[in-house]
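S.K.: For reference, the structure I am asking about is given below.
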Amino acid sequence: MSDQTLANLPVPPAQAPQTSPRIRKYHQPWIPSLQGWSWIITIVWITIANIWKPFGLYGFVCMFTPIGIALSGRGKMHCARICPRGSFIKVFTRRISLHLPKPAFMKKTAFRWALWGLMMGSFITLIIYSIPRGVAFLGNTVLVFMEIATVLAFIFGILFSPRAWCTVCPMGFTTGNLRGLLDKKGKQ
Ligand code: SF4
C-alpha cells in the first residue's frame, strides 16, 4: 500500500479511557475557579476577627471545607479552585517572589508528615486549652494560628514561588491523602 493510500485511510477514533463506575463515583465534577477573588475572604475574615474575636471561629470553616470537598469525591478542588489563602498568597507575592529554588526536603513525604503532625498537634492542644476560656479566647486562638500559617505561606511565596506553601500545607496534604484513599477504595 502506498504512503498516499495509507494517509487517506480513516483514522479510528481514539478510545476513551475505561473507568469503572466504582472509581467514577469518587471523581465528582469541579466548579469554575473562584481564586481570582477569593483572597478577599482572607482579608475580610482576618480584619473582622481582629475586631470581634469570636469571628475567629470562622477559621474552622476554612479548615473543614477542604476536607468536606475531598470526602465528596472532588479531590483537591478546594486547593485548585477555591482556597482563599492560596489565592491570597498568589495575588500578593507573584510580583515580588524571588523564585529561589525550593529546598529538596520540602518535597519529601517525611517532612510533610512531620510538619502536618507538628501543626495539627499544636492546633489540637491549643483548642483543648482554649475551649474552657470562652468563645472570644477560642476565636482568637484559631485566628492567631491561621494568621501564623498565612504569614508562613507569605514568606514561602516571597522566597520560592507564590504557591510554594502549598507543597507542605497540612490542609493540602490532608486532602491529597484523602483523595488517594478514596481512589484506592474505588479500585477495590
Ligand atoms: S495547599 Fe493549603 S494553602 Fe494551598 S491551596 Fe491547598 S489548602 Fe490552600
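The values are calculated or read from the model by the stated rules, or taken from the named source; none is laboratory data. If you're wondering where the values come from, they're calculated on a predicted model, not measured in any experiment. Because the Cβ atoms are built from the backbone with ideal geometry, glycine has one as well, and the counts that use them run over all protein chains shown. Accessible surface areas use protein heavy atoms only, side chains included; no ligands, DNA or RNA. Shrake-Rupley method; radii C 1.70, N 1.55, O 1.52, S 1.80 Å.
S.K.: Among the residues of the range 98-120, write down those that are away from the ligand (no atom under 15 Å from the Cβ) and either touching a Ser or Thr at 6+ places or on another chain (Cβ under 8 Å) or not in a helix (DSSP H, G or I) (or both).
M.R.: L98, H99, L100, P101, P103, K108
S.K.: Still on this model: Which number in (1) at pLDDT 95 or above; (2) within 16 Å of the ligand (Cβ to nearest atom); (3) over 21 Å from H99 (Cα atoms) marks the one condition that A164 misses?
M.R.: All conditions pass for A164, except number (3).
S.K.: Now for a different question. Which of the residues belonging to the range 15-54 are exposed (fewer than 11 other Cβ atoms within 10 Å of the Cβ), in a helix (DSSP H, G or I) and modelled with pLDDT under 95?
M.R.: Across the range 15-54, the qualifying residue is only P21.
S.K.: For the range 143-172, which positions are open to solvent by less than 40 Å² (accessible area, probe 1.4 Å) and farther than 26 Å from A110 by Cα?
M.R.: Result: L143, single match.
S.K.: Among residues belonging to the range 68-78 that are in a helix (DSSP H, G or I) and open to solvent by less than 30 Å² (accessible area, probe 1.4 Å), point out the one that is farthest from D183 (Cα to Cα).
M.R.: Among residues in the range 68-78 that are in a helix (DSSP H, G or I) and open to solvent by less than 30 Å² (accessible area, probe 1.4 Å), the one farthest from D183 (Cα to Cα) is H78.
S.K.: Moving to a separate point now. For a quick check of your reading of the model, give me the residue pairs whose first member lies in the range 105-127 and is under 18 Å from L143 (Cα atoms), whose second is surrounded by 11 or more Cβ atoms within 10 Å (Cβ to Cβ), with beta-carbon atoms closer than 6 Å and at least 6 apart or on different chains.
M.R.: Cβ pairs passing all conditions: M119/P170; F123/F145; L126/T141.
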